[in-house]
Amino acid sequence: MLRRKPVGDLIADGDHGQLKRSLGLGQLTMLSIGATLGSGIFVVLGEAVPVAGPAVILSFVLAGITALFSALSYAELAGMIPLSGSSYSYAYATLGELVAWVCGWCLVLEYGVSVASVAVGWGQYLNELLRAAFGFTIPDALSQPPGSGGIVNVPAIAVVLLAMVLLLSGAKESARANAIMVVVKIGTLVLFCAIAFTAVQAKNFTPFLPLGLAGLSAGGAKLFFSYIGFDAASTAGEEAKNPQRDLPRAILLSLAIVTVLYCLVAVAAIGALPWQRFGDQQAALSHVLTTILDNQFWVALLAVGAIVAISSVVLTVLYGQTRILFAMSRDGLVPAALSTVDARTGTPRTNTLVVSGFVAVLAAFVPLGKLADATSIGTLFAFALVNIAVLVLRRRRPEQPRTFRVPFAPVTPVIGVGCCALLMFSLDTATWIVFGGWMLLGLVIYFAYSMRRSRLAGPR
């Protein structure tokens with residue numbers, strides 16, 4: 001349980017891996033923006049506003065600061081250990097196999113479940129587009145999961161399968177499609193701000209903290225979901241042309257761009273519409289435009305942008321999930337079929353098919369809110385481990401080359417751990433119960449299968 005994989009062995013795995021190195025700095029940055037920008041601002045904003053009020057703007061800042069501390073640690077480790085395994089691989093080198101397994105299991109929750117929850121939101125915006133453009137919507141029975149008034153969420157299944165087809169075509173092709181979608185969704189958010197700022201009223205920002213600091217913190221915990229994905233570039237460590245140089249830059253640059261856009265959109269949305277009127281809208285930005293405008297053209301245009309934006313999130317986060325499982329499979333902790341690579345496209349074909357099928361089923365039958373909260377707690381736990389890994393490697397391997405170093409360490413990583421813990425404890429009891437059940441299932445699988453199948457368990 002405590003056996004560690006030497007850093008040198010991890011780097012060797014990446015240098016002699018089967019994946020093709022085809023991604024530059026721009027594509028890696030777009031990958032992280034694609035995985036991050038969309039899920040929170042288009043979908044979860046409507047759930048956070050009733051919790052925090054106008055202070056949701058500061059909730060975005062709180063969640064962004066929490067993400068920044070972890071992003072700095074990710075940047076150091078990604079440049080030092082450029083592998084597909086992301087924080088799972090970092091934990092394997094520092095904290096031992098059991099902790100690495102727990103971290104990888106949390107990443108399965110983060111990536112796999114967040115794709116499903118975002119796919120649910122995609123269906124909401126598809127209905128907004130159909131209503132604004134054609135005057136009809138897909139019936140709830142076919143566009144909502146059980147528990148939300150429906151039977152099966154067909155649009156969510158469709159967007160996951162579309163992303164699967166793109167991923168199977170190859171990493172370079174997927175990155176090209178993602179870059180186009182990122183440009184479209186940034187333009188969509190800028191357009192929303194331009195329209196909403198024309199209706200901003202100062203009175204909508206008072207009182208600024210109607211639900212107190214507890215509401216601010218709870219909003220930050222919910223909105224942390226919107227920052228999930230900035231670490232996606234670290235899962236492309238074995239497909240980057242110059243990983244030591246480009247991965248740290250891509251992680252920090254993408255987080256900066258996303259944070260600025262989130263805060264601008266939050267100010268515009270709250271200023272244009274009193275926070276009490278947000279309700280529990282899953283298509284919050286469309287709701288704002290529908291309320292302040294008579295012209296449905298702009299609502300339809302926003303819905304198109306949201307559909308493209310969320311498609312990009314599904315594509316890039318699904319990509320990250322397959323690469324995490326690729327690394328775990330190569331280490332023997334999950335079945336070997338998940339690390340077999342297609343000779344023609346250079347992609348883990350079986351892995352992509354299995355993950356896509358699992359996510360499609362989850363998106364079809366589970367409501368968004370529960371998925372988003374469960375994803376946040378798993379991500380926060382994984383991020384805390386990354387901050388700890390920086391501290392451990394600074395002590396054990398101070399001579400190891402680093403292309404980026406976390407400033408003011410060890411203070412910065414310690415603050416990162418504390419911020420993650422603060423937001424974790426802001427989540428409700430039901431989320432902790434789901435997380436505990438997920439961890440228990442992961443430990444059962446580890447002791448029953450992974451511990452004995454690990455590559456480190458056999459003779460060297």
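Quick note: the coordinates plus some simple rules give every number you see, no bench work behind them. No experiment lies behind these values; they were computed from the predicted model shown. With ideal geometry, Cβ positions are generated from the backbone for all residues, glycine too; neighbour counts draw on all protein chains shown.
General remarks:
- Applying the Karplus relation 6.51 cos²θ - 1.76 cosθ + 1.60 with θ = phi - 60° to the stretch 139-149 yields 3J(HN,Hα) values of x, 4, 4, 10, 10, 10, x, x, x, 10, x Hz, where x marks Gly and Pro.
- Interchain or long-range residues, amide H under 5 Å from Leu23's placed H: Ala240, Lys241
- On the basis of the beta-carbon distance and an R0 of 45 Å, Val183 and Leu2 show a calculated FRET efficiency of 0.45.
- For the stretch 325-332, Karplus couplings with θ = phi - 60° (6.51, -1.76, 1.60), whole Hz, Gly/Pro x: 5, 4, 5, 5, 5, 4, 7, x
- Stretchable slack from Arg245 to Ala141, in nm (0.36 nm times residue separation minus alpha-carbon distance): 32.5 nm
- When each of Lys241, Lys222 is scored by the number of other beta-carbon atoms lying within 10 Å, the sequence from fewest to most is Lys241, Lys222.
- Degrees separating the helix 349-365 axis from the principal Cα axis of the chain, which is the longest one: 40 degrees
- Modelled spin-label separation between Arg453 and Val411, with each label point placed 7 Å from Cα along the Cα-to-Cβ direction: 4.6 nm.
- Rounded tilt (10° steps) of 154-168 against the dominant C-alpha axis of the chain: 40 degrees
- Centroid-to-centroid separation of the stretch 398-434 and the stretch 202-225 [C-alpha atoms, Å]: 23 Å
- Exposure proxy order (Cβ contacts within 10 Å, fewest to most) of Lys172, Lys185: Lys172, Lys185
- Computed from point charges on the beta carbon alone (+1 for Lys and Arg, -1 for Asp and Glu), the dipole magnitude for the chain about its Cα centre is near 1180 Debye.
- Considering only Gly219, Val165, Gly26, the residue lying farthest towards the positive end of the dipole of the stretch 23-457 is Gly26, judged by Cα position with unit charges set on Cβ.
- Selection from Val313, Leu95, Ala448 lying farthest towards where the dipole of the chain points positive, charges on Cβ: Leu95
- Residues Cys193, Cys103, sorted so that the one with the fewest Cβ neighbours within 10 Å comes first: Cys193, Cys103
- Taking 0.36 nm per residue of separation and subtracting the Cα-Cα distance, full extension of the segment from Val392 to Phe425 would add 9.4 nm.
- Each 5 Å bin from zero holds the following percent of Cα-Cα pairs in the stretch 1-122: 2, 9, 13, 18, 19, 16, 11, 7, 3, 1, 0.
- Taking the chain as the region of interest, the number of lysine pairs whose Cα atoms are within less than 13 Å, with members eight or more places apart or on different chains, is 4.
- Projecting the Cα atoms of Pro155, Val341, Gly271 onto the charge dipole of the chain, computed from C-beta unit charges around the Cα centre, puts Val341 farthest toward the positive end.
- Cα→Cβ-extended label distance, 7 Å offset, between Ala214 and Lys20, nm: 5.5 nm
- Across the stretch 395-409, computed HN-Hα scalar couplings (Karplus, 6.51 cos²θ - 1.76 cosθ + 1.60, θ = phi - 60°) run 7, 7, 10, x, 7, 5, x, 10, 7, 8, 10, 4, x, 6, 5 Hz from first to last residue, x flagging Gly and Pro.
- For the chain, the mean residue ellipticity at 222 nm estimated from helices alone is -22000 deg cm²/dmol, where every DSSP H run of n ≥ 4 contributes -39500 (n - 2.57) and the total is divided by all residues, rounded to the nearest 500.
- Once the chain from Leu353 to Thr291 is taken as fully extended at 0.36 nm per residue, the excess over their C-alpha distance is 18.2 nm.
- Residues in the stretch 49-85 that a label on Thr206 would reach, taking backbone N under 17 Å of a point 7 Å out along Cα→Cβ: 54-55
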